[in-house]
Structure formats: C-alpha cells, structure tokens
Amino acid sequence: MFRCLMMLLLLISVSMVNAKDDQEMPAMHHVFDVEPSAAISVPDDFPLNKKKRVDCQTCHGIKDMKQQDYEKIDKQSEDFLREGPYSQLSDFCYRCHEVDNYQRDNVHKMLDDEGEIIESSCLYCHKKVLKPEDDIKRDEINLRLPAEKICYGCHLFTPHINALAHQKKPDKKMAKRIRRYQDEHEIMMPLSDDGKVMCVTCHSAHPIDVIDRDKPAGKQVANDDLEKGVVYRAHAWGKVFAEDKKNRLQKLNAETGKSYVLNYQRIEKEILLRLPAKDGSLCLACHAFEK
Ligand code: HEC
Ligand code: HEC
Ligand code: HEC
Ligand code: HEC
Ligand code: HEC
Ligand code: HEC
C-alpha cells in the first residue's frame, strides 16, 4: 500500500496555496486539513486540529507553523517533523501510514533472489520495461518524469547538503573535464537537458547488475546490499570539520536564508553511486582539487 502512496506523491505534483496568507506551500507537500481515514493511525501525542483533522501542527513541532516564513523555516530543527529527527523520511511516514509488513518498500530493489529483473519495479520510473542488453538511445529511455525530477516525491528532503548546491551547470572547463572523464573511463554521468548536474549524474537509480557492468550506464560501485543502504560512521574529525567550515556556512545560510548544519561523518559503505566518493574518485570526475 505504501508503495502506491509514494507513487501518488511522485505523480501528483500540486502546488497548494495556503488559505491563511498568500504564502505558497511547497510543491508536492503532503495533504493537510484532512480527516484521517481508517487506514491511518495517528499517534496519540500528534495533535489534531479543532475539527479533528490532520493539520500543520500534527506533523510539525515548530510553533505556529502557518505563521512562519516558509522559505526560512528551520528544517534542521529536531521538531521540524514532530518527534524528529528521523534518519529516514519514511520512518516519519510510518508513524501514521501502515508499514507493509511482508516487503520493504524500496524501488531500488530491482533484482529477485535469482538475479532476474523484477519488471514491475521498472515501471515506477519507465513507461515501458527496457531490456538492458539492448542498445538504448537517450530518447528510448521513456521516463515518467524528466530525469532531473524523477527522484523527488520519494526523496522529499534535500537528501544531503551538497545535493542542492550541485544542481548547477558546470562551466566550460568542468564540462570538458567531465566529457574527458566519461570517455576515458567509459562511464556515464548524464546532465539534464539544460546541462545541469542532477541526482542521476552522481547516482544510478539501478542497483549493480541491472545494466551490464561493461556498459557505461552499468558502471557503479559494486555494493548490492540495499537492506543496509549507505552506512556512515561518526567521526572524531567532525568538530574540527565544522569549525573549519563555520564562516563559509554562515555565509551560505545568510545568502540562502536556510540553516544548513554540517555533520561530518565518514562513509563506510556506498551504494547506487556511479563512482566511489569515499576515496574522492567521484568528486575528481568533475573537480580539480589542489593536492
Ligand atoms: C501529514 C504531515 C504534514 C502535514 C499535515 C503538514 N506538513 Fe508540512 N511537511 C511535511 C513533510 C513530511 C515535509 C518535508 C517534505 C519536504 O521537504 O518537502 C514538510 C515540509 C514543510 C515545509 C518546508 C518545505 C520546504 O521544502 O522548504 C513547510 C514550510 C511546511 N511543511 C509547512 C506546513 C504547513 C504550513 C502546514 C499546514 C498548512 C503543513 N506543513 C502541514 C509534513 C506535513
Ligand atoms: C500525521 C499522520 C501522517 C503522516 C506522518 C503522514 N501522513 Fe500521509 N496521509 C495522512 C492522512 C490523514 C492522509 C489522507 C488520506 C487518509 O486519511 O487515508 C494521508 C494521505 C497521504 C497520501 C495520499 C495523498 C492524497 O492526495 O490523497 C500520500 C501519497 C501520503 N499520505 C504520503 C505520505 C508520506 C510520503 C509521508 C511521509 C513523508 C506521510 N504521508 C506522512 C496522514 C499522515
Ligand atoms: C527510480 C527510477 C528508475 C527505476 C525504478 C528504473 N530506472 Fe532505468 N533509468 C532511470 C533513469 C533516471 C535513467 C536515465 C539515466 C541513466 O541511464 O541512469 C534510466 C535508464 C535506464 C536504461 C538506459 C541505460 C543506458 O544504457 O543509457 C536502462 C536499460 C534502464 N534504465 C533499465 C531499467 C530496468 C530494466 C528497470 C527495472 C528493473 C529500471 N530501469 C528501473 C530511472 C529508473
Ligand atoms: C518510488 C520511490 C522512490 C523513487 C522514485 C526513488 N527512490 Fe531512492 N529510495 C527509495 C527508498 C524506499 C529507499 C530506501 C531507503 C529509505 O527507506 O528511505 C531509497 C534509497 C535511496 C538511496 C540510498 C540507499 C540507502 O538505502 O541508503 C539513494 C542513493 C537513492 N535512493 C537515490 C535515488 C535516486 C537518485 C532516485 C532518482 C533516480 C531515486 N532514489 C528515486 C525510494 C525511491
Ligand atoms: C555531486 C554528486 C551527488 C549529487 C548531485 C547527488 N548526490 Fe546523493 N549522494 C552522493 C554521495 C557521495 C552520497 C553518499 C554515499 C552513497 O550514496 O553511497 C549520497 C547519498 C545519497 C543518499 C543516501 C543518504 C543517506 O544518508 O542514506 C540519498 C537518498 C541520495 N544521495 C539521494 C540523492 C538525490 C535524490 C539527489 C538529487 C536531488 C542526489 N542524491 C544528488 C552524491 C550526490
Ligand atoms: C558531475 C560533476 C560533479 C561531481 C561528481 C561533483 N561535483 Fe561538486 N560541483 C559541481 C558543480 C557543477 C558545482 C557548482 C559550481 C558552481 O557553483 O558554479 C559544484 C560545486 C561544489 C562545491 C561548492 C558548493 C557550494 O556550496 O558552493 C563543493 C564544495 C563541491 N562541489 C564538492 C564536491 C565533492 C566533495 C564532490 C564529491 C563527493 C563533488 N563536488 C562532486 C560538479 C560536480
């Protein structure tokens, strides 16, 4: 059931206008001011509004949510999502929505125990099931949404600090570097139609071995443990790192009106990435850092 919910959220891209004032609610925001059906179990300490409906304060612990400036809201605040923080957004969803108890909901799990493709999983994103062994042209990929949007809806949050900063068009020099890297390493790092970095420039939606490892589109880090996903480890350098970046971060926050927090952790296991990031390979495909 949750699978359908996720898909719905992905497909209905609505932009709601808040009745109170003229602030625009974020596109694809969850429905509010709704009476929960029998399928929903709202935890006792999540307050409903006067009409017994799920509303802003049911989900958000920040006071007077409606009166806040939506652009400046502190999404890092522990109580941004009530009783947070949650390590996975889906953990929050499951506070009210039923957890599918026979199967974990992960579209990225595309291979069955025999290593065969689970065709239904392809249809989350593709209009038709592609045969990975075919030679597929860009215009035959047939995604349900443009590639730069296909991850939203399921991944609601800016998933990590640099994800947003990266949705930019590489300058000429970097574009050349990327092309050269792709040719030399026979790897694929696609940019959006308007030339910007997007989620799938760095990530692959597919786990390893859906697409043949010899093909550029199939080159990625070899980890296949989708149950564990990305594994991080807290690191003693965290404090030093934060201190080092403090000024830049304050500047970024002042410029964007957001309040990013840095939490330096080491990546222990990577997955769904075109190149490893923990040894810097991924970054070096685009950036030339001084040694
Ligand atoms: C059923 C739960 C739920 C209800 C009800 C709800 N929200 Fe949210 N809201 C969320 C979740 C989950 C997110 C984070 C998703 C995201 O980042 O887009 C969010 C994000 C937001 C954001 C940050 C958007 C951004 O991306 O910067 C604002 C502002 C917000 N909600 C305001 C409101 C207001 C105002 C109401 C009432 C009119 C409301 N919410 C009702 C769950 C809810
Ligand atoms: C506070 C409880 C609550 C939480 C937390 C919550 N939901 Fe919901 N959700 C509801 C209610 C209530 C409805 C209205 C439908 C119903 O009552 O069955 C709903 C409906 C939906 C729908 C259908 C939307 C529509 O337009 O009909 C989707 C999709 C959805 N939720 C996804 C999510 C996701 C994804 C999350 C986590 C980010 C989430 N929900 C968190 C209570 C919640
Ligand atoms: C979460 C979204 C998503 C799902 C689910 C998904 N794909 Fe894709 N697929 C993409 C995107 C985005 C692209 C274009 C970028 C790329 O090639 O990675 C793509 C591209 C492809 C390509 C073309 C690769 C090339 O050579 O350029 C093949 C083949 C493919 N997908 C097969 C599949 C199959 C088979 C499944 C089901 C087992 C599947 N996809 C499920 C998002 C998805
Ligand atoms: C239909 C929903 C859906 C779509 C669409 C989707 N994802 Fe996911 N993704 C998930 C779920 C579920 C997980 C498992 C972790 C979790 O529960 O949040 C996940 C996990 C991940 C992970 C981390 C692996 C882990 O488990 O730690 C990455 C990276 C990721 N997705 C990237 C992408 C990218 C890139 C796209 C767009 C091409 C995308 N996803 C589209 C649902 C989705
Ligand atoms: C510049 C490269 C880059 C871009 C662009 C990027 N990511 Fe990531 N992402 C990473 C790296 C590196 C990691 C951490 C290691 C890993 O995934 O194995 C990561 C991790 C993740 C995770 C797992 C987070 C966790 O803690 O479990 C998700 C989910 C994810 N990315 C989704 C996305 C989505 C959605 C987008 C587009 C909005 C995106 N990423 C854009 C490089 C990138
Ligand atoms: C696909 C190419 C690509 C990859 C891979 C990539 N970057 Fe970037 N990076 C960019 C682009 C494009 C920008 C935006 C440059 C601009 O602001 O004009 C950027 C900007 C940045 C910035 C500045 C962001 C800010 O806040 O202003 C940092 C820091 C950075 N990248 C670090 C990394 C690290 C670390 C990695 C590896 C995990 C990485 N990048 C991987 C293309 C890439």
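The values are calculated or read from the model by the stated rules, or taken from the named source; none is laboratory data. The model shown is predicted, which means the values in this text are computed figures rather than measured ones. All Cβ positions, glycine included, derive from the backbone under ideal geometry; neighbour counts span all protein chains shown. Calculation scope for accessible area: heavy atoms of the full protein, side chains included, ligands and nucleic acids excluded. Shrake-Rupley method; radii C 1.70, N 1.55, O 1.52, S 1.80 Å.
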Helices (runs of 4 or more DSSP H) wholly inside the stretch 117-217 containing at least 1 residues that are modelled with pLDDT of 95 or more and within 16 Å of ligand 5 (Cβ to nearest atom):
172-185, 199-202
Cβ pairs under 9 Å, 6+ apart or interchain, first in the stretch 41-53 and free of Cβ contacts under 8 Å to residues at least 40 places away in the same chain, second β-branched (Val, Ile, Thr), ordered by first then second residue, are Pro47/Thr58; Leu48/Val42; Leu48/Val54; Leu48/Thr58; Asn49/Thr58; Arg53/Val34
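How many residues are outside any helix (DSSP H, G or I) and open to solvent by less than 60 Å² (accessible area, probe 1.4 Å) when one looks only at the stretch 33-59?
The number of residues fulfilling the criteria is 12.
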Is the stretch 149-163 home to any residue that is within 12 Å of ligand 4 (Cβ to nearest atom) and more than 18 Å from the chain's Cα centre (by Cα)?
no
